[in-house]
1. Restricting the search to the range B:579-634, which residues are assigned to a loop (DSSP other than H, G, I, E, B) and crowded, with 20+ Cβ neighbours inside 10 Å?
2. Scan the range B:277-287 residue by residue and report those that are under 17 Å from B:Ser372 (Cα atoms) and in contact with a helix residue (DSSP H, G or I) (Cβ under 7 Å, 6 or more places away or on another chain).
3. With the condition kept exactly as written, say whether any residue in the range B:579-586 is within 17 Å of A:Val107 (Cβ to Cβ) and of a type outside the set (Asp, Glu).
4. Could you give me the residue pairs with C-beta distances under 7 Å whose first residue belongs to the range A:117-145 and is within 13 Å of another protein chain (Cβ to nearest Cβ) and within 15 Å of A:Val78 (Cα to Cα), whose second residue is polar (S, T, N, Q) and surrounded by fewer than 16 Cβ atoms within 10 Å (Cβ to Cβ) wherever it lies, and which are 6+ apart or on separate chains?
5. Based on what the data block shows, is A:Asn147 closer than 20 Å to A:Thr53 by Cα, assigned to a helix (DSSP H, G or I) and not aromatic (Phe, Trp, Tyr)?
6. Does B:Gly638 satisfy being in a loop (DSSP other than H, G, I, E, B), away from ligand 3 (no atom under 16 Å from the Cβ) and surrounded by fewer than 16 Cβ atoms within 10 Å (Cβ to Cβ)?
7. Which one is nearest to the chain's Cα centre (by Cα), of the residues in the range A:48-101 that are part of a helix (DSSP H, G or I) and without any contact (Cβ under 8 Å) to a residue 60 or more places away in the chain?
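The values are calculated or read from the model by the stated rules, or taken from the named source; none is laboratory data. The structure displayed is predicted, hence computed values, not measured ones. So basically every Cβ, Gly included, is an ideal-geometry build from the backbone, and we count neighbours across all protein chains shown.
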Amino acid sequence: MKKKTSIVLTGVGGQGVITAANLLGKAAVNAKVGVFVSEIHGMAQRGGAVVCTVRMGDVSSPLLPSGTADVLMSMEPVEALRNICYVNKKTKVITDINPIIPFTVAVGGEQYPKVEEIFKELSAHAELFTVDALKIAKDAGAIITKNTVMLGALAASGVLPFTSDVLLETILEAVPEKYKDVNKKAFDGGMKAIKK
Amino acid sequence: MLFFFYHTQGNCASFTSMVLMMSEITEDKPGKQILLLGNEAITRGALEAGIDVATTYPGTPASEIADTFSAIAKEATRQNKDPGFYFQYSVNEKVALEVAAAASFCGLRSLTCMKHVGLNVASDTFMTYMYVGCRGGHIIVSADDPYCHSSQNEQDNRYYALFGGAPMLEPTTPQEAKEMTRIGFDISEKLSLPLLLRTTTRLNHARGPITLHALQQPRKKGFFKKDPLLVTVPATARAKHPVLLKQLEEAEKISEKSPFNEIITIGKPKDVGIVTSGVSYTYVKEMAEELNLNVKILKLGMTHPIPRAMCEKFISSCSSLVMVEELEPFLENQFKQLAYDIGADVKIYGKSTGHFSRLYEYTPDIVVDAFSKIFKVKTPFPKPIQSTLKAPRRPPSLCPGCPHRATYYAVKKAAPKDTVYPTDIGCYTLGKEPPLEIADVLLCMGSNAGMACGFSVATDQKIISFMGDSTFFHSGIPPIINAVHHNHDVVITVLDNRTTAMTGHQPHPGTPYDGMGRPAKLIKVEDVVRGCGIEHIEIVDPNKIKETTAAFKRAIEFKGPSVVISKSPCILLEVQRKRKAKEEIQLYQINQEICKRCKTCIGRFGCPALYFAEDGSVHIDAAQCNGCGNCAQVCPFGAISAEGTQ
Ligand SMILES: Cc1ncc(C[n+]2csc(CCOP(=O)(O)OP(=O)(O)O)c2C)c(N)n1
Ligand code: SF4
Ligand code: SF4
């Protein structure tokens with residue numbers, strides 16, 4: 001059987017989903033693992049929903065079939081729910097707990113479900129891990145390291161075909177010198193959040 | 001690396017996607033592997049081929065090809081170095097193609113990239129360019145957008161290759177995109193024909209590992225040797241058309257030998273074949289493996305002209321053929337014709353048998369579903385879960401503090417009820433969404449003002465049209481001249497936000513610098529409009545909502561064509577500028593004692609930083625507010641005021 005790892009990353013335009021996907025891709029290249037990343041730019045920016053896929057190992061396609069994600073990682077709860085089609089019982093869903101309410105709720109009369117309801121639905125179909133990335137990032141020293149927290153959590157989930165150090169190194173390579181320490185703290189914080 | 005974790009509450013592609021290391025993409029380290037976006041890989045391929053001149057008009061999903069050239073050139077300008085190539089954001093795609101064609105006539109290597117609909121704009125040039133042919137290699141990149149992720153249609157530009165007679169390559173992965181660009185220049189030069197590199201969103205915006213080749217030194221300056229056959233008067237055109245057909249015969253020979261056309265076997269195939277091209281190949285290969293099929297795959301990378309002999313041989317070796325290509329049956333119809341010509345006894349599955357669609361983008365799910373029907377096997381994947389909980393929609397919207405919102409709000413205050421709003425393409429098209437709903441009809445870039453002219457003839461309703469500043473320079477000027485000449489009673493609005501925002505904030509003729517970061521002549525919209533003969537011009541700052549409303553009232557009252565220029569920079573650029581200059585960004589808050597919950601700010605103005613708390617009170621999300629202060633102006637009770645800074 002061919003070895004493949006499929007990760008779906010979701011969130012809201014501006015949250016850095018594409019950056020996170022790109023870093024995972026770079027980490028795979030650094031680890032000499034095959035990789036394809038797919039992202040959607042354009043209209044998905046300006047506060048729209050964003051989905052990226054990262055596929056590693058013996059893969060040809062940047063996209064994955066429904067129900068085959070190893071991990072669904074979301075920077076926002078309802079965006080995890082929106083992409084539930086990718087999960088199966090064994091999928092690890094890692095989501096930030098802090099909602100960003102879309103304008104369709106205020107203006108269009110749509111409903112944002114209760115966060116607990118979202119989590120109930122997700123854990124009914126997959127293995128759910130919730131992370132308060134905002135709090136962990138604040139504790140680490142900078143809110144902007146939220147995504148590093150999430151990547152730390154992803155590394156700790158054990159699905160990546162390389163060690164968490166490779167990912168951390170790749171992140172640190174990409175940030176300015178003065179942010180290296182906070183990013184390291186944020187990454188560790190994310191890792192701890194998953195190891196229950 | 002500047003932009004990493006530069007998380008603004010604004011949501012601009014250019015802040016998050018430029019994680020690219022400039023030094024990496026220009027590194028001369030043959031054999032090294034780096035991760036590149038499909039679009040970046042195309043730029044790298046051009047550098048490896050010694051590109052001399054690159055031109056574009058921006059458009060998703062093509063933008064990052066040119067933006068990468070621009071970033072490299074700007075970095076060189078900053079360091080007072082020569083980037084080795086000339087690059088420009090031209091005024092539109094037609095001009096972009098012509099600028100690069102002239103460079104090719106001087107023997108230089110050139111590249112022109114655009115989104116699929118850009119080729120419609122450049123098509124007049126494109127069609128006759130094939131008759132004339134090129135000298136230095138010229139690659140024209142068309143970025144098609146199946147599913148219309150960020151486009152007004154999903155036209156299949158492979159037909160342009162057939163229509164005009166251009167050789168065409170279709171990459172499958174970022175690595176192949178780089179190689180096809182690099183080798184494409186040689187093919188173009190060998191044939192003296194511009195080559196169409198046809199890509200799709202999933203290739204442009206996919207990242208993959210790239211193995212670097214050596215960089216090639218560009219020539220920089222060429223020489224124009226005169227030749228009467230470059231002047232396409234009727235007699236020349238008649239002489240050149242048969243030459244084009246001859247060149248295409250040569251192209252077919254190249255296609256027969258091209259390593260980009262290959263046969264891949266899965267399992268132990270007998271007489272079942274799959275024909276595919278582009279990104280579809282990646283789904284075909286993986287899904288054929290997952291389903292344990294025994295098939296041979298003819299993967300076509302050079303899809304015009306197709307390698308006829310190779311295809312005929314493949315058809316003859318099969319009793320059934322499955323055609324997998326996104327959008328139109330471009331290959332399918334050609335294969336049917338070939339099968340007929342050679343009298344092959346083969347069953348062809350594809351769009352005509354209903355197994356594949358002419359609509360949208362393909363996915364592994366779509367391919368596996370079709371395969372399971374055709375090959376009568378069960379899909380190995382679980383059924384996708386459908387949630388019982390409904391997620392609220394999250395479409396893109398104008399950013400908090402976007403000046404377009406303020407203009408629209410003012411127009412709605414000034415205009416009578418049945419006013420018709422022809423609009424155009426850019427961020428401002430998002431004014432279509434509630435609560436503004438100020439976009440009635442849109443065809444293509446520049447269409448707003450042309451349609452405004454027509455509406456003014458066909459109805460007595462008031463007409464107020466909208467276009468951005470980049471759109472104005474692209475194709476908005478001729479319809480304004482038309483409005484003047486025929487004295488159409490219209491109000492044409494130019495939303496002058498000092499940038500091409502939607503596609504990633506590229507410069508345009510209204511900015512004081514060019515795509516290489518060099519100073520450039522700034523052309524004022526008002527000067528052009530005046531030169532066109534418009535007599536009633538209003539120039540407003542949309543962040544002064546009362547004055548803007550009054551200006552629109554005057555323009556509406558004016559009999560004849562008027563232009564309102566609504567001038568205020570895109571708030572994302574403004575916030576970026578303030579951060580750089582270490583200026584403070586004002587925040588706004590709602591005084592709950594004064595607020596009467598009339599909902600004007602949310603229900604009519606609709607800045608996405610405003611929200612209702614569970615108790616129904618209205619608040620401003622400080623993390624999203626960009627401090628434009630416009631909500632304070634629209635609140636009828638003065639409940640919103642400046643408080644604190646970011
Ligand atoms: C022929 C064509 N070329 C390019 C595009 C891609 N495109 C979409 S909007 C836009 C320009 C937007 O700039 P502007 O008019 O200044 O409006 P803004 O986004 O700044 O509000 C472009 C180039 C297109 N849709 N059609
Ligand atoms: S023009 Fe408006 S919507 Fe577009 S990026 Fe700028 S602020 Fe955002
Ligand atoms: S000041 Fe008001 S309108 Fe402007 S961005 Fe902030 S909340 Fe939105």
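1. Just the residues of the range B:579-634 that are assigned to a loop (DSSP other than H, G, I, E, B), to begin with: B:581-585, B:591-599, B:606-609, B:613-617, B:621-629.
B:Gly606, B:Cys607, B:Pro608, B:Ala609, B:Gln624, B:Cys625, B:Asn626, B:Gly627, B:Cys628 - these are the residues of the range B:579-634 that are assigned to a loop (DSSP other than H, G, I, E, B) and crowded, with 20+ Cβ neighbours inside 10 Å.
2. Listed by number, the residues that qualify are B:Tyr283, B:Val284, B:Glu286, B:Met287.
3. Taking the range B:579-586 first, the residues within 17 Å of A:Val107 (Cβ to Cβ) are none.
Looking through the range B:579-586, none of the residues is within 17 Å of A:Val107 (Cβ to Cβ) and of a type outside the set (Asp, Glu).
4. Note: pairs meeting the criteria are A:Glu121/B:Thr388.
5. Working: closer than 20 Å to A:Thr53 by Cα: yes; assigned to a helix (DSSP H, G or I): yes; not aromatic (Phe, Trp, Tyr): yes.
Yes; evaluated as a whole, the condition is true for this residue.
6. Values: in a loop (DSSP other than H, G, I, E, B): yes; away from ligand 3 (no atom under 16 Å from the Cβ): no; surrounded by fewer than 16 Cβ atoms within 10 Å (Cβ to Cβ): yes.
It is false that B:Gly638 is in a loop (DSSP other than H, G, I, E, B), away from ligand 3 (no atom under 16 Å from the Cβ) and surrounded by fewer than 16 Cβ atoms within 10 Å (Cβ to Cβ).
7. So in the range A:48-101, the residues part of a helix (DSSP H, G or I) come out as A:77-82, A:84-86.
Remaining after also requiring without any contact (Cβ under 8 Å) to a residue 60 or more places away in the chain: A:77-78, A:81, A:84-85.
On the way: A:Pro77: 11, A:Val78: 13, A:Leu81: 13, A:Ile84: 14, A:Cys85: 16 Å.
Selected residue: A:Pro77.
Rundown of residues vs (1) under 23 Å from B:Phe356 (Cβ atoms); (2) in a loop (DSSP other than H, G, I, E, B), yes/no style:
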| position | (1), (2) |
| --- | --- |
| B:Arg219 | no, yes |
| B:Ala237 | no, no |
| B:Lys240 | no, no |
| B:Leu245 | no, no |
| B:Ala251 | no, no |
| B:Tyr281 | yes, no |
| B:Ala288 | yes, no |
| B:Ile306 | yes, yes |
| B:Met310 | yes, no |
